[in-house]
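The values are calculated or read from the model by the stated rules, or taken from the named source; none is laboratory data. This structure is a prediction, so every number in the text was calculated from the model and none was measured. As a convention, Cβ positions derive from the backbone with ideal geometry for all residues, glycine included, and neighbour counts pool all protein chains shown.
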Amino acid sequence: MEKATFRIWRGDANEAQYVDYETEVSEGMVVLDAVHRIQAEQANDLAVRWNCKAGKCGSCSAEVNGNPKLLCMTRLNDLPLDQPVTVEPMRAFPIIKDLVTDVSWNFKVKEKMKPFTPRPPDEEDGTWRMEQEDIDHIQEFRKCIECFLCQDVCHVLREHDLHDEFIGPRFFVYAASLEMHPIDTENRLEELKNQDGIGYCNITKCCTKVCPEHITITDNAIIPLKERVVDQFYDPIKRLFRVFSS
Amino acid sequence: MQQPELTLTEHRPFQTQRKDTWWVQPMAVFLGLGLFIVYATFRVFEGNHFIHGPYLTPFYSPLLFIPKHFPELFGPESDTVRHALNHSVFRSTMPSWIPGIITPAVLILWAPLGFRFTCYYYRGAYYKAFWADPPSCTVSEPRKGYRGEHSFPLVVQNIHRYFLYVAIVIVGILAYDVWKALWFDVNGETKFGIGIGTIILAGNVVLLGGYTFGCHSLRHLVGGVVDLLSKAPIRRNMYNCISCLNQRHMLWAWMSLCWVGLSDFYVRTIAVTGWQDYITF
């Protein structure tokens, strides 16, 4: 059976190092399978977070050869196995142990965002009526599995550590799904500009590239939100139009 | 085997664990845009060889005035001056108070260049290629501070939609230039024909149109601003068409950039050499 070397990040926030493990690999294996084999045979204390093994729970997010990936969806036959495969935790979040990071910052960000605020119900039974095409417009954003790979790859968070001023691509997708919702009535543009730091995004499209659900984050969520912010705060003609129309 | 290495939070310029050739794309963008900037700067300040017969290079269109030296250089009754005056918006030479370094291209090229400079695609591309901000995804940057487009100077990028308005007008003018490039002087008569130059200039309009009408700002202005597109069928159809072009915005951006350079190079070449291109009558 073929063998491959995995260079795995071991340690915590205070002390850590790469450790090489050689293990047997076979056809159809993904990186998570190899990590599990190493855990079972060579490093019983290796910490890795995982759950569904089907790319739907977003638990096993990490970095494989420097690329943010779901470990369970990264096939070994897509990697060059003639050299060590580097497996690291996500760099944008604090490390707990080995491949496990503390992603709780994301949930705190979500709590601060203005929630879905529907208009009064259309019918007496408390329901609304929507056209399918209007809801299709934002359906793509609902595919997000909150793996936070987009947050990890974003250089504003991973490189510049602006967690206090920038909410990251995941929550721009969330904001877009609310702002563009056909029955939502809330206006989040001031928060997006001032507190959420949408202006920090410089459109590298790295978030779109790493999304395992293939959500077109930059083109369909971030840029449309940036344009709405321009409407509200930077476009003098739009501002004049609003003054006269109000 | 244990291998001590960098900590995860330590960033060294261009440090990455990526094993692919991540530098190829930013390098290609750097070379492509750099080459275009050098060539365009040369052509803008050259102030000559921008018209041949009915062909006007897109770098000098719309031609507001013809250069002061044209009547003296070619003769006031020459074909070149007559064609240039025909293309000129004000049908006159450059006013004497305008300094000589200001060519007709300087007066207009700020608009298409501004449109590209503030374009969402190009922004992402040149931030990587020219500023290494970041050099590529998950590759460390050679600086610590970062303001992005959150504050001055890059907050000015939000002007993009105003450049879009001008760019749409320019695409219309370039289409009119193609119409003019269908009429040739033959033995004192004006005849309809299609030359190689006509085809090149028409291709330029198609590619620039694909790029301009696939713009993210236009997409927003026609439909993205509305949550209930089902109640605005005209907007919905326009939004769908623009979205279709927008999906290949990068491709349109590069094809149109290369073609506009090629169009200028072709017109300059036949203007300098006096070659007669193939024309069907």
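For the reader, a short list of remarks on this structure follows.
Okay, residues lined up against (1) without any contact (Cβ under 8 Å) to a residue 40 or more places away in the chain; (2) more than 9 Å from chain B (Cβ to nearest Cβ); (3) under 20 Å from B:HIS220 (Cα atoms):
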position: A:CYS150; (1), (2), (3): no, yes, no
position: A:PRO169; (1), (2), (3): no, yes, yes
position: A:ASP184; (1), (2), (3): no, no, yes
position: A:ILE203; (1), (2), (3): yes, no, yes
position: A:VAL210; (1), (2), (3): no, no, no
position: A:ILE215; (1), (2), (3): no, yes, yes
position: A:ASP219; (1), (2), (3): yes, no, yes
position: A:VAL229; (1), (2), (3): no, no, yes
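- Scan of segment B:248-281 for residues that are aromatic (Phe, Trp, Tyr) and surrounded by fewer than 17 Cβ atoms within 10 Å (Cβ to Cβ), ordered by number: B:PHE265, B:TRP275, B:TYR278, B:PHE281
- Out of B:PRO104, B:PRO54, one residue alone is more than 14 Å from every other protein chain (Cβ to nearest Cβ) and touching a Lys or Arg at 6+ places or on another chain (Cβ under 6 Å). It is B:PRO54.
- Within segment B:222-247, if we keep just the residues that are outside any helix (DSSP H, G or I) and of a type outside the set (D, E, K, R), the residue that is surrounded by the most Cβ atoms within 10 Å (Cβ to Cβ) turns out to be B:VAL226.
- Top-ranked residue of segment A:231-246 - restricted to ones that are facing another protein chain (nearest Cβ under 8 Å) and assigned to a helix (DSSP H, G or I), ranked as surrounded by the fewest Cβ atoms within 10 Å (Cβ to Cβ): A:TYR234
- Answer residue from segment A:95-118, given it is in contact with a strand residue (DSSP E or B) (Cβ under 9 Å, 6 or more places away or on another chain) and farther than 15 Å from A:GLU63 by Cβ and is surrounded by the most Cβ atoms within 10 Å (Cβ to Cβ) among those: A:LYS97
- Which numbered condition A:LEU79 misses (of (1) touching a Ser or Thr at 6+ places or on another chain (Cβ under 9 Å); (2) over 12 Å from A:CYS147 (Cα atoms); (3) not hydroxyl-bearing (Ser, Thr, Tyr)): (1)
- Whichever residue in segment A:62-79 is over 17 Å from A:ARG10 (Cα atoms) and among the hydrophobic types (A, V, I, L, M, F, W, C) and, among such residues, is surrounded by the most Cβ atoms within 10 Å (Cβ to Cβ): A:LEU70
- Matching option when the condition is hydrophobic (A, V, I, L, M, F, W, C) and away from chain B (no Cβ under 14 Å), among A:VAL100, A:VAL19, A:VAL35: A:VAL35
- Annotation: of all residues in segment B:143-158 being more than 8 Å from every other protein chain (Cβ to nearest Cβ) and outside any loop (DSSP other than H, G, I, E, B), the one that is surrounded by the most Cβ atoms within 10 Å (Cβ to Cβ) is B:GLN157.
- Criterion (more than 30 Å from B:PHE30 (Cβ to Cβ) and surrounded by 15 or more Cβ atoms within 10 Å (Cβ to Cβ)) met by exactly one of B:ALA129, B:ALA181: B:ALA181
- Checked against (1) touching a helix residue (DSSP H, G or I) at 6+ places or on another chain (Cβ under 7 Å); (2) part of a loop (DSSP other than H, G, I, E, B); (3) at the interface with chain A (Cβ under 9 Å from one of its Cβ atoms), B:SER140 passes all but condition (1).
- Filtered residue count, segment B:243-281, keeping only those that are over 28 Å from B:GLY53 (Cα atoms) and either touching a His at 6+ places or on another chain (Cβ under 9 Å) or small (Gly, Ala, Ser) (or both): 4
- Whichever residue in segment A:171-182 is of a type in the set (A, V, I, L, M) and buried (at least 20 other Cβ atoms within 10 Å of the Cβ) and, among such residues, is farthest from the other protein chains (Cβ to nearest Cβ): A:VAL173
- Residue count, segment A:190-201 (criterion: more than 7 Å from chain B (Cβ to nearest Cβ) and either at pLDDT below 95 or crowded, with 19+ Cβ neighbours inside 10 Å (or both)): 4
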